[in-house]
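To start, the structure itself, in structure tokens.
The values are calculated or read from the model by the stated rules, or taken from the named source; none is laboratory data. This is a predicted model, so every value here is computed, not measured. Glycine gets a Cβ as well: all are built from the backbone with ideal geometry, and neighbour counts include every protein chain shown.
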Amino acid sequence: MFRRLPDKTAAGVVNFTIDGVRHVGRRGDTVAAVLLLSGARATRVSAVTAEPRAPYCMIGVCFECLVTVDGVGNRQGCLIAVANGMRIETQKTRREVGA
Amino acid sequence: MSEATRSPLPDVIVIGGGIQGCSTALHLARRGVKVLLIEKDHVGRHASGVNAGGVRRLGRHFAEVPLSVASMEIWQSIKDLVDDDCGFESHGQIKVAETEAELATQRARVERTRLLGFTHEELIGQAELRDLVPAIAPNCVGAIICRSDGAAMPYRTTLAFKRKAESLGARILEGVHVTALKHIGQVWRVESEDGTHEAPIIVNCAGAWADRIAAQLGEPVPLEVIAPMLMITARMPAFVKPVIGAQGRTLSFKQYDNGTVLIGGGYRGRPNRDTNWTDLDFGKLADNARTAAALFPIMAGAEIVRAWAGIEARMPDDIPVIGPSLTSEGVFHAFGFSAHGFQLGPAVGRVMAELITTGATNVPIDGFGIGRFDTVRAA
Amino acid sequence: MTTEPELKSDYDVAIVGAGPAGLAAAAVTAGCGLSTVLLDENPGAGGQVYRAIETTPVRDPKILDRDYTDGQDLILDLKDTTAQHVRNAVVWSLAQDGEIGVSIDGRAHMLRAKRTILATGAMERPFPIPGWTLPGVMTAGGAQTLLKASGIVPEGRIVMAGCGPLLWLCAYQLLQAGCNVQAILDTTDPAAQRSSIRHAARFATSPYVTKGVKLMAAVRRKIRVITGVTALAAHGDGQLETVTYSAKLGPVDRMTADHLLLHHGVIPNVNLAMSVGISHTWDDLQLCWTPNVDSFGTTSISGIAIAGDGAGIAGALAAQCRGRLAGIAAVRAIESNATGLPDELTVRRDLTHAMRGRRFLDHLYRPSRAFRIPTGDTIVCRCEEITADQIKATVALGVEGPNQMKSFLRCGMGPCQGRLCGTTVTELIADVRGVSPQDVGYYRLRPPVKPITLAELAGLPQTEDATKAVVRL
């Protein structure tokens, strides 16, 4: 439930996947931002009762945006800029080990 | 008029609110002795509250084995003593041997414990080790096991001893530093930030600060202040139940029911006992991390969420000081547990209570006398 | 400013955080020729207020105006110096002797600096209401971050709740971007309003007052504002669907919503500062822990200073000034004959001017007790899902502080390391025990202040000491 304002700058386009599905973003987007833009409401589940959660603070403080990037788990998506070929995987089950 | 002069004189003043002090206070209170415990921070603030929680007889210095075995009996029914199970779980403690030479050392050790009349340590071979600890590195050849050793929650345990002692009439003063000790007639005058307290008997359970108390009594001990470091991970899938150590490496390794893994090994940080501060040494923690991953390959993907170090006292021979003062009538010591005192706490308190009330204890403690140090004999 | 990837092991000055305070401090120290490294965990410099300033797609000054774009000057000032700005650098430890542990692109490094300046800024105050963990509930600051960095805005029905200048600014920016902000649920406490009156005159001289007044008027013309909100909750099955609220202790009303943006001011992000033992005091006006610093930002630990909102909330303009002052002190400590320092008196004058009116805002927007001390099964610790009732029950067992509580509850032991529950837990325990938050204290924070993998730690170089001096267990 997010949309992108019209962008008149010439920032490059970035190609990546979210859970195997191809997406396109803008250079400078963070992983958390593209996850929200992709329409996902929940982007992971909580550690104890597996309740749906989503990014809350967007500035690296809340750790709700944890996601697996290029095979490495529990990364803070709001601190990572998307890059070409990046594989983003959401942690929809109670994730326990990184990679 | 201060509270100290209004309430009846305690029979015993215990200095220090770690596990040894709280256990001593409890066992004395159970015998109807009036106890005042004075703790400079809060109960369980230091080593007793932040250690790895290991409850083991395995691998102890032989001087400690009788005390450890006696303490283990108390642990088996700790809830009856302190109205709290203290988070005690016993899935065994295992000390792995990675080479045949290490296994041979272990075999000799187990034989020696048998000769001394103790049966808690057993040698196991590779097959049983792999069965009990499937995640261990495949090169491990065997281990010593104590099947009913385990671990508990250190702060919770120390607090339980404190609360039970209070319920039996002990008075616990927190946030109060003892500043001086003076013998006046038959009584010890303890000066503190809370005023003066007096009692005929003092027990020095002051941990990493106990040498300062001992020095005031003319018994300067060579106590070293250390800060053994620990790390805890985020939750991992369950892969190990017993507490694990290693014969040839420094490692202590335990996974809790919630999946988090506690990694220790006695690598030292830098303590400051006057500011209650410890600085961690990440170069050493890196080594600790490498050791953990070498023994448990699954650990390579683990995440460290916190590291810390408590402030502990170490004696040069790595065993504690337990027993009466050599210079001062009515003073007893129980300190210097050298990073492995937690499991001993329940029995140490009972031993101190026996010594104080009857003059003797049936657990052998001669090896722990304060007089064994040159510095004390020379003073 | 150089961006060479090669990290050295020693610097004169290390600065953590490339927001206004960090950028300003780095310009001073590097400008005087001191070797300076500026470490920031984000992909770009600017901190929060100037987020993505180098790359933002939002060029419309009606959405992001001069208060944002002026931040570019700070970056330009730095470009002329030899300061080394390292992006995606997560500082996870700082020792009292100046050793820093930092991870860059999955690799851990240790480095040393003679002087360290912490400029890690602020974070949103936790806003624990029932349902605050539902997807669709976010901070207003978070919405601003999405806007600034990517021009991404929430779609559908947006409800905003809380109080404070940032709430109004965010509402204004979202309106300008064409968003459907249905209502602002204003929680400004009438008691707080009364106590702010005596500071109002001074606020009239603040650099923010004109813009603030205009902005609020513009927002009120377009958005329904419900004042005196005393209770708030978010509801939905797996995601936000409705928001309930009551105003002035009246009956409960409800609104459907796709997004709920919360804001109750910002508080210093204390984790790194506390983990190195810097002493803090509970500020009962701002309701947060603030480090004890002198007028140069020097802390209780020699060689470590704090600048910007991390030293106490005062805004972006004040942050730059405090960054410069910390930079000046660092230079003087290392190179007493340095030339090229900014004039201290001028910086102090600018700082005084920048801070005019803060007292008024601090009083006016002090959140009410109901929103700081939750009840029932409202989640306090989001990471470990610990509720207010669970915390109260543990205190009743004789557990007196947040550290002692760790034997009983996992409160504060999750990955955020107490950032989102800490102030709530301190105030809750203080409330149950009837003592001050100062007496209760805070989590004993230790490094790593952000989780690091065992593999990263294992990758640090072997040290001599490591193989010696180990205690026999």
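Yes or no, residue by residue, for (1) hydroxyl-bearing (Ser, Thr, Tyr); (2) crowded, with 20+ Cβ neighbours inside 10 Å; (3) within 17 Å of B:Arg163 (Cα to Cα):
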{"site": "B:Gly21", "(1), (2), (3)": "no, yes, yes"}
{"site": "B:Leu67", "(1), (2), (3)": "no, yes, no"}
{"site": "B:Ser71", "(1), (2), (3)": "yes, yes, no"}
{"site": "B:Glu89", "(1), (2), (3)": "no, no, no"}
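Contact map, segment C:188-206: residues that are among the aliphatic types (A, V, I, L, M) paired with residues that are outside any helix (DSSP H, G or I), Cβ distance under 6 Å, separation 6+ or inter-chain. Pairs shown: C:Ala192/C:Arg366.
The set of residues from segment B:181-195 being of a type in the set (Val, Ile, Thr) and crowded, with 18+ Cβ neighbours inside 10 Å comprises just one member, B:Val190.
The C-beta contact set for segment C:242-256 (first residue within 18 Å of C:Ser368 (Cβ to Cβ), second residue of a type in the set (S, T, N, Q) and modelled with pLDDT of 95 or more, distance under 7 angstrom, 6+ apart or interchain) comprises C:Ser246/C:Thr230; C:Ala247/C:Thr227; C:Ala247/C:Thr230; C:Lys248/C:Thr230; C:Leu249/C:Thr230; C:Val252/C:Thr244; C:Val252/C:Ser246.
Does C:Ala45 meet the test of being assigned to a loop (DSSP other than H, G, I, E, B) and in contact (Cβ under 8 Å) with a residue 60 or more places away in the chain? Let's see the steps before the verdict.
Working: assigned to a loop (DSSP other than H, G, I, E, B): yes; in contact (Cβ under 8 Å) with a residue 60 or more places away in the chain: no.
For C:Ala45, the condition - assigned to a loop (DSSP other than H, G, I, E, B) and in contact (Cβ under 8 Å) with a residue 60 or more places away in the chain - is not met.
Residues considered: C:Leu397, C:Leu420, C:Leu454. Of these, the only one that is surrounded by 24 or more Cβ atoms within 10 Å (Cβ to Cβ), without any contact (Cβ under 8 Å) to a residue 24 or more places away in the chain and facing another protein chain (nearest Cβ under 10 Å) is C:Leu454. Of the numbered criteria (1) assigned to a strand (DSSP E or B); (2) in contact with a Gly (Cβ under 6 Å, 6 or more places away or on another chain), the one C:Leu260 fails is (2). When segment B:181-221 is filtered for residues that are more than 25 Å from the chain's Cα centre (by Cα) and either in a loop (DSSP other than H, G, I, E, B) or among the acidic types (Asp, Glu) (or both), the ones remaining, listed by number, are B:Gly185, B:Gln186, B:Glu191, B:Glu193, B:Asp194, B:Glu198, B:Pro200, B:Gly218.
Among the residues of segment C:197-220, just one is exposed (fewer than 13 other Cβ atoms within 10 Å of the Cβ), within 17 Å of C:Ile63 (Cα to Cα) and of a type in the set (Gly, Ala, Ser), namely C:Ala217. Total residues in segment C:88-118 satisfying the condition of being out of contact with any Leu (no Cβ under 9 Å at 6 or more places or on another chain), surrounded by fewer than 21 Cβ atoms within 10 Å (Cβ to Cβ) and closer than 15 Å to C:Gly17 by Cβ: the figure is 0.
In segment B:263-284, of all residues being facing chain C (nearest Cβ under 9 Å) and small (Gly, Ala, Ser), the one that is surrounded by the fewest Cβ atoms within 10 Å (Cβ to Cβ) corresponds to B:Gly283. Within segment A:8-32, restricting attention to residues that are closer than 15 Å to C:Glu54 by Cβ and of a type outside the set (S, T, N, Q), the residue that is surrounded by the fewest Cβ atoms within 10 Å (Cβ to Cβ) is A:Ala10.
Any idea which residue in segment B:157-180 is farthest from the other protein chains (Cβ to nearest Cβ), counting only those that are buried (at least 20 other Cβ atoms within 10 Å of the Cβ) and in a strand (DSSP E or B)? In this case the residue turns out to be B:Val178.
Exactly one residue out of A:Thr30, A:Thr43, A:Thr49 is in contact with a helix residue (DSSP H, G or I) (Cβ under 6 Å, 6 or more places away or on another chain) and within 7 Å of another protein chain (Cβ to nearest Cβ): that is A:Thr30.
Is it the case that segment B:291-308 has a residue that's more than 30 Å from B:Met236 (Cβ to Cβ), surrounded by 24 or more Cβ atoms within 10 Å (Cβ to Cβ) and modelled with pLDDT of 95 or more? The answer is no, given that none of the residues of segment B:291-308 is more than 30 Å from B:Met236 (Cβ to Cβ), surrounded by 24 or more Cβ atoms within 10 Å (Cβ to Cβ) and modelled with pLDDT of 95 or more.
Considering segment C:53-76 alone, what residues qualify as being surrounded by fewer than 19 Cβ atoms within 10 Å (Cβ to Cβ) and either part of a loop (DSSP other than H, G, I, E, B) or more than 23 Å from the chain's Cα centre (by Cα) (or both)? So that I can check it myself, show each step before the final result.
The first filter runs over segment C:53-76 and keeps only residues surrounded by fewer than 19 Cβ atoms within 10 Å (Cβ to Cβ), leaving C:54, C:59-62, C:65-67, C:69-70, C:72-73, C:76.
Listed by number, the residues that qualify are C:Glu54, C:Arg59, C:Asp60, C:Pro61, C:Lys62, C:Asp65, C:Asp70, C:Leu76.
Quick one: which of A:Cys78, A:Cys57 is at pLDDT 95 or above, crowded, with 20+ Cβ neighbours inside 10 Å and assigned to a loop (DSSP other than H, G, I, E, B)?
Values: A:Cys78 fails: assigned to a loop (DSSP other than H, G, I, E, B).
Every option except A:Cys57 fails the conditions.
Residues that are on the phi < 0 side of the Ramachandran plot, of a type in the set (Gly, Ala, Ser) and without any contact (Cβ under 8 Å) to a residue 40 or more places away in the chain are absent from segment B:341-354 altogether. Kindly indicate the residue of segment B:252-262 that is more than 8 Å from chain C (Cβ to nearest Cβ) and surrounded by 23 or more Cβ atoms within 10 Å (Cβ to Cβ) and also nearest to B:Thr291 (Cα to Cα) among those meeting that condition. The residue in question is B:Phe253.
Going through segment C:263-299 one residue at a time, which ones are out of contact with any Pro (no Cβ under 9 Å at 6 or more places or on another chain), within 12 Å of chain A (Cβ to nearest Cβ) and either assigned to a loop (DSSP other than H, G, I, E, B) or of a type in the set (Ser, Thr, Tyr) (or both)? If the condition is that a residue be out of contact with any Pro (no Cβ under 9 Å at 6 or more places or on another chain), within 12 Å of chain A (Cβ to nearest Cβ) and either assigned to a loop (DSSP other than H, G, I, E, B) or of a type in the set (Ser, Thr, Tyr) (or both), then C:Asn269 is the only one that fits. The residue that is nearest to the other protein chains (Cβ to nearest Cβ), among those in segment A:81-99 that are modelled with pLDDT of 95 or more and either assigned to a helix (DSSP H, G or I) or out of contact with any Asp or Glu (no Cβ under 8 Å at 6 or more places or on another chain) (or both), is A:Ala83. Would you be able to say whether some residue in segment B:352-373 is part of a helix (DSSP H, G or I) and farther than 24 Å from B:His27 by Cβ? Scanning segment B:352-373, I find at least one residue that is part of a helix (DSSP H, G or I) and farther than 24 Å from B:His27 by Cβ, so the answer is yes. The criterion of at least 3 residues that are more than 10 Å from every other protein chain (Cβ to nearest Cβ) is met, among helices (runs of 4 or more DSSP H) falling completely within segment C:91-204, by C:165-176, C:190-196, C:200-203. Restricting attention to segment B:206-231, which residues are crowded, with 23+ Cβ neighbours inside 10 Å and farther than 19 Å from B:Gly371 by Cα? Scanning segment B:206-231 gives B:Ile226, B:Ala227, B:Pro228, B:Met229, B:Leu230, B:Met231.
As a summary of the residue check, C:Leu74 satisfies the conditions (1) over 30 Å from C:Tyr172 (Cβ atoms); (2) modelled with pLDDT of 95 or more; (3) more than 13 Å from every other protein chain (Cβ to nearest Cβ) except for the one numbered (1). Residues that are assigned to a loop (DSSP other than H, G, I, E, B), over 26 Å from the mean Cα position of the chain (by Cα) and over 28 Å from A:Tyr56 (Cα atoms): does segment C:212-225 have at least one? No, segment C:212-225 has no match at all. Selection over segment C:328-366 of residues that are in a loop (DSSP other than H, G, I, E, B) and out of contact with any Leu (no Cβ under 7 Å at 6 or more places or on another chain) gives a count of 12.
Can you list the strands (runs of 3 or more DSSP E) lying wholly within segment B:287-345 that have 2 or more residues being within 26 Å of C:Lys406 (Cα to Cα)? Before you say what the answer is, go through the steps one by one.
Values: elements: B:303-309, B:312-314, B:321-324, B:331-335.
In segment B:287-345, B:303-309, B:312-314 are the strands (runs of 3 or more DSSP E) which contain 2 or more residues that are within 26 Å of C:Lys406 (Cα to Cα).
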